[in-house]
Amino acid sequence: MFETQDPPKKAFLISVWHQMSEKASAFSLSRELHGLAGALELEIAGEEMVHIREYTAKYGMGAGKAEEIANTAAEIKADCIIMDWPISPPQQRNWEKLTGIACIDRSELIIQIFA
């Protein structure tokens, strides 16, 4: 028999916390993001909680950390990265250029659930 169904897309979930937010709140939002990804039947290839110490407009975090995330996404063969915070269209383009895969934020994920 041949498999007629496409395998589920693999998602790499990225959550953040910083000095202005509580770590417990960030973990709660991370668990919620996991559930939202499950609603689209995405396979969770990996997830990471990032402590933002340096904010840059290009990625919403330091370039070194962004590069580290891109490398991890490649290693786990993720099909997309889902950010737990709002990213602007330029940031989305920067992430997609860096990683070579689709990058969306929580809002886009919710829109896709209802689409």
**Request:** Quick one: angle between helix 23-39 and the longest Cα principal axis of the chain, in degrees between 0 and 90, rounded to 10, please.
**Result:** 20 degrees
**Asked** How big, in percent, is the set of alpha carbon pairs in the chain lying more than 25 Å apart?
**Response** 19 percent
**Request:** Using +1 at the Cβ of each Lys and Arg and -1 at the Cβ of each Asp and Glu in the chain, identify which of Thr56, Met83, Asn94 lies farthest towards the dipole's positive end.
**Result:** Thr56
**Asked** For Val16, which sequence-distant residues (separation of 5 or more, or a different chain) have an amide H within less than 5 Å of its own amide H, given hydrogens modelled in the peptide plane?
**Response** Val50, Asp84
**Message:** Accessible area per residue for the stretch 5-115 in Å², computed with a 1.4 Å probe and the full protein assembly in place, what is it?
**Reply:** 59 Å²
**In nm, spacing of pseudo-spin labels at Gln112 and Glu67 (7 Å Cα→C-beta vector)** = 2.8 nm
**Prompt:** So how strong a dipole does the chain carry about its Cα centre when Lys and Arg Cβ are +1 and Asp and Glu Cβ are -1, to the nearest 20 debye?
**Reply:** 340 debye
**Asked** Carbon and sulfur: what percent of the chain's accessible surface (1.4 Å probe)?
**Response** 54 percent
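The values are calculated or read from the model by the stated rules, or taken from the named source; none is laboratory data. A quick note: this is a predicted structure, and the numbers were derived from the prediction, not measured. Quick reminder, even Gly has a Cβ in these numbers, built from the backbone with ideal geometry, and neighbours come from all protein chains shown. Remember, those area values only see protein heavy atoms, side chains included, never the ligands or the DNA or RNA. Shrake-Rupley method; radii C 1.70, N 1.55, O 1.52, S 1.80 Å.
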